[in-house]
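Colleague: Sending over a structure as structure tokens; questions will come in a sec.
Please treat every number below as a calculation from the coordinates, not as lab data. None of these values were measured; they are calculated from a predicted model. Note: ideal-geometry Cβ built from the backbone for every residue, glycine included; neighbour counts use all protein chains shown.
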Amino acid sequence: MKQINNQDNKLKIIEQIIILNDDEVFNKIEAILNESIHRPKPAKLTKEELLQRAQLANQDIHEKDIFTQELVEKMTQKW
């Protein structure tokens, strides 16, 4: 039952944020959310790592080891 209440509360908050016109309040909400959600920071890649990734991508393209947009959309529908 508590989970349902949490879902209802989340939806109410989302509705309130959608109609929010006060940038200062919005910035405060954003700061609170950013502090409370612990996401790992993206790793910084070296120039060599970026070049290696680009070379691998080019190799995949050359070997036709790629997915079309249509195929990717079909794959994600199954998820």
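Colleague: Using unit Cβ charges (K, R positive; D, E negative) and no other charged atoms, how large, in debye to the nearest 20, is the dipole of the chain about its Cα centre?
Modeller: 320
Colleague: Let me ask something else about it. Name the lysines eligible as straight-distance cross-link partners of Lys12: C-alpha to C-alpha under 22 Å, and not fewer than 8 places from it in the same chain.
Modeller: Partners found: Lys2, Lys28.
Colleague: In deg cm²/dmol and to the nearest 500, what is the mean residue ellipticity at 222 nm of the chain if only DSSP H runs of at least 4 residues count, each as -39500 (n - 2.57), divided by the residue total?
Modeller: Theoretical 222 nm ellipticity from helices: -23500 deg cm²/dmol.
Colleague: How long are the semi-axes of the equivalent ellipsoid of the chain, taking √(5λ) for every eigenvalue λ of the Cα gyration tensor, in whole Å from largest down?
Modeller: 40, 22, 13
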